[in-house]
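Values quoted throughout were computed directly from the atomic coordinates according to the rules given, and no laboratory measurement underlies them. As the structure is a computational prediction, the values presented were derived from the model and not from experiment. For neighbour counting, all protein chains shown are included, and Cβ atoms are generated from backbone atoms with ideal geometry for every residue, glycine included.
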Amino acid sequence: MCGIVGYIGNQDAKEVLLKGLEKLEYRGYDSSGIAIMSENGIHVFKEKGRIADLRATVDNDLFAATGIGHTRWATHGVPSQSNAHPHQSVSGRFTLVHNGVIENDELLKQEYLMDIALKSDTDTEVVVQFIEVNVNKGLSFEDAFIKTLKELKGSYAIALLDEQNPDVIYVAKNKSPLLVGLGKGFNVVASDAMAMLQVTDQFVELMDQEIVIVKKEDVTIKNLQGEVIERAPYTAQLDASDIEKGTYPHFMLKEIDEQPLVIRKIIQEYQNATGQLTIDPEIIEAVSEADRIYVIAAGTSYHAGLVGKQFIEKLAKVPVEVHISSEFGYNMPLLSANPLFIFISQSGETADSRAVLVQVKKLGHIALTITNVPGSTLSREADFTLLLHAGPEIAVASTKAYTAQLAVLAILAEVTAKNNGKEIGLDLVRELGIAANAIEVLCDSKEEIEKVAYEYVQMTRNAFFIGRGIDYYVCLEGALKLKEISYIQAEGFAGGELKHGTIALIEEGTPVIALATQESVNLIIRGNVKEVVARGANPLIISMKGLEMTDDRLVIPEVHELLTPLISVVPLQLFAYYAALHRDCDVDKPRNLAKSVTVE
Ligand code: M6R
C-alpha cells in the first residue's frame, strides 16, 4: 500500500528517496513521486507507473539535501500523475505526502475549500490546502498544522515540506504506520524501516496523534497539545540482504524455498535449553484461562487461523472461532464470558485487524498478536506478541509467513495442551522437523509442478480447489494464491459442498485441484472428484504418501496428519507461481494489490 520516505541531511536527497521508494515497491503501488527542496525552492516530480518511470522524469542536475517521497496505491481517484503525491498548496508553499484515508475530506472541502480549485481527486490534497487556509487566517505554521490534524477524521501518516522553513520535514501520524530514522548529520522518515535500512538501522516509533519536527541534527516529537515527548530509538533487526532477491527471479520463489529454514528457525526460537517447546507463561495462562478464543485476521492470515483452530481445539481443547477482521469489527458476535483474542497478521499493520484490536482493548479483553514484524502496530497495541521469525516477506503473495503462522499456532496449541496436562500423542519438535524436510523435497521437485501448472492453466479462465476437513482450509489458500497472482478466477470449496450449486460451473476441461491428505476422508473426497469428472472437469489430485491412488498426479511426502497443511500448501504455492509466470503476470507485484493493507 502507500509508502512514505523523507530525508534531511547533506547528501543528494533524491537518490536516497528513490532508493527508499524502490524498497517500498513490494508493498504495491500505482504511481510515485518525490519533492525536493533546493536553494531555489521545492521541485516536485511525479509519475504514474513504476519508480523507473519516476526516475526517468527527475532532473539529475538538481541538488537538494532535503526531500520527501511517496508510492501511491489509489483509493481516492484513479492512478494518474495528477493524483500521485506529493500534493502542493495553492501558493506552492506547502508540499505533502500522505498514507491513509481522510474520511471527512468531502466535508472539509465544503466547509473550508470552496474557493480553491483542487488539482486532484485525492483526500490528500484537501489536507495540504486546508493547512494553507489556516495559515492564511493568521495562524503560525505549527498551529495551523495542529489545527488541521485535529479536524481530520480517519488515518494518516504525513510528511510535509514548508518552503519558508527549508531545514525541517514536518511529520504527523494517526493509525497509519510511520517511523523516524536517526543518522549522524541526517535524519530520515519512513513508513517501513526497510525503506531506509540503506542509511540507518536506528528508528524511533511514532504513536497516534503525534507530530515530529525532523531536522538534520535533531528530532522533536510532540503531541497535539504541543508537549514534547521523549522516546528512545530501537535498532531494526533487519539484514539488508534479507530484502534482496539474490539469484532468484522472484521474491515469491525465494520465499517458498525459505520455508524449511523458517520452520527450523521457529523450532529453535521456541525451544528451551532442554529441547522442550516453550512460550511466555503469561501467554499460556491467558490462553488456558480463556473459555473461547477469537482469531481475527484477513486473507492468508485468516486461512492460517482456520488451520490454527484445528490445532488449538484438537490439542489444547479450547474452543476457537475464526473471523475475518473486516467483518468482525462491524458485526461483532455475542462474545463468551472470558474471551481471548488472537490477531494473526504477517505485517502487523492490517487496518481491518487493527480496527478490531482497538475495539477489543476498549472492551477490556486480552489480545495476543502473532506477527512477523516486531514493533508493528498490532504487536505494540496487543498485550502479548508471538513472532513468526520468517524474515521479511517481500512478495505480495504470502507464502513463508503462512507456514510460519501454522508452525507458531501449532506450538501455541502444544504448549497450552501440555500446560493443562493434556496428552497430545505427538512429538511436535520431531514432526515439525519432518515437515521441514518434506517441504525441501517438494521444493526440489519444482519442475514437475511447473509442468503440471502449465498444462492445467493453458486454456482456463477459472479453477476450483476442493478438499475436506483441514484440506479444505488449504484449498482456500491455494485458490487465493492462484487468483491473486495469475488472475485466474479460482475458488476453494469443501468437497461435499460443490454439488449444492457451484458444480453448475464445471465445464469440459475446468481444472479441479483436489487435496487428499486425510485418511478419514480419503475415499469421500475421491467420490467428489468423480462427480466433477463426470461433468467434464480436468482433475489434479494431490495426495499424501500412503493415501495415493493410481490417478494421483502429485504425491507429497508423509507427515503427521494434523500438520499436512504445512506441506500440501507448497505445491499449491508453486502451482500459482508457475501459472502466473506462464501468463506473463508480475508475480511479486500483482495488479491492484498491496502487501500491507493499511486502509480499512
Ligand atoms: O499482513 P497481514 O497478514 O495482516 O495481511 C493480510 C492479507 O492482506 C494478506 O494475507 C493477503 O491476503 C496476501 N496478499 C495473501 O497472499
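Set the Förster distance to 56 Å, then compute FRET efficiency between residue 550 and residue 110 from the Cβ-Cβ distance, nearest 0.05.
0.20
Debye calculation, C-alpha points only, no solvent: report log10 I(q)/I(0) for the range 239-311 at q = 0.15, 0.24 Å⁻¹, in the same order as the q values.
Each listed q corresponds, in turn, to -0.83, -1.17.
In Å and on Cα atoms, what radius of gyration and Dmax does the range 3-241 show?
Cα only, the range 3-241: 16.2, 51 Å (Rg, Dmax).
Where does each of 582, 250 land when they are ranked from fewest to most other beta-carbon atoms within 10 angstrom?
Ordered by Cβ neighbours within 10 Å, fewest first: 582, 250.
Just to be sure I follow the definition: excluding the sites themselves, where is the longest run in the chain that has none of the chymotrypsin sites (Phe, Trp or Tyr not before Pro) in a DSSP loop with at most 13 other Cβ atoms within 10 Å?
331-600
So if each residue of separation counts as 0.36 nm, and I subtract the Cα-Cα distance between residue 499 and residue 448, what length gain in nm does that give?
Working it through step by step, the gained length comes to 15.3 nm.
Distances longer than 28 Å among the Cα atoms of the range 245-443: what percent of all pairs is that?
Here the tail beyond 28 Å accounts for 23 percent of pairs.
State the volume of the convex hull built on the alpha-carbon positions of the chain, expressed per residue in Å³ and rounded to an integer.
That works out to 162 Å³ per residue.
Determine the relative contact order of the range 3-241: mean sequence separation of Cα pairs under 8 Å and six or more apart, normalised by residue count, in whole percent.
Worked out over the range 3-241, it gives 20 percent.
Tell me the label-point distance for the pair residue 231, residue 163, using the 7 Å Cα-to-Cβ offset, in nm and rounded to one decimal.
3.2
Based on a Kirkwood Rh over C-alpha pairs, give the Stokes-Einstein translational diffusion coefficient of the range 458-574 at 25 °C and viscosity 0.890 mPa s in µm²/s.
177
If we restrict to alpha carbons, what Rg and Dmax does the range 89-210 come to, in Å?
14.8, 45
In nm, give the distance between the simple-model label positions of residue 582 and residue 558, each being 7 Å from the Cα along the Cα-to-Cβ direction.
3.1
If each DSSP helix of 4+ residues adds -39,500 (n - 2.57) and the sum is divided by the residues in the chain, what number results at 222 nm, nearest 500 deg cm²/dmol?
-11000 deg cm²/dmol
Mark the label point 7 Å from the Cα of residue 278 along Cα→Cβ and return the residues of the range 358-399 whose backbone N is within less than 17 Å of it.
386-387
Considering Cα pairs under 8 angstrom that are at least six residues apart, work out the relative contact order of the chain and quote it in whole percent.
12 percent.
I need the helices of the chain that pass two filters: whole DSSP H segments spanning 27 Å or more by Cα along the axis, and mean Kyte-Doolittle score no lower than -0.5.
Long hydrophobic helices here: 400-419, 564-582.
I'd like the distance separating the alpha-carbon centroids of the range 315-334 and the range 62-108, in whole Å.
Taking the Cα centre of the range 62-108 as reference, the centre of the range 315-334 is 37 Å away.
Please report the spacing between the Cα centers of the range 338-359 and the range 478-515 in Å, no decimals.
Each part reduced to its Cα centre gives a spacing of 29 Å.
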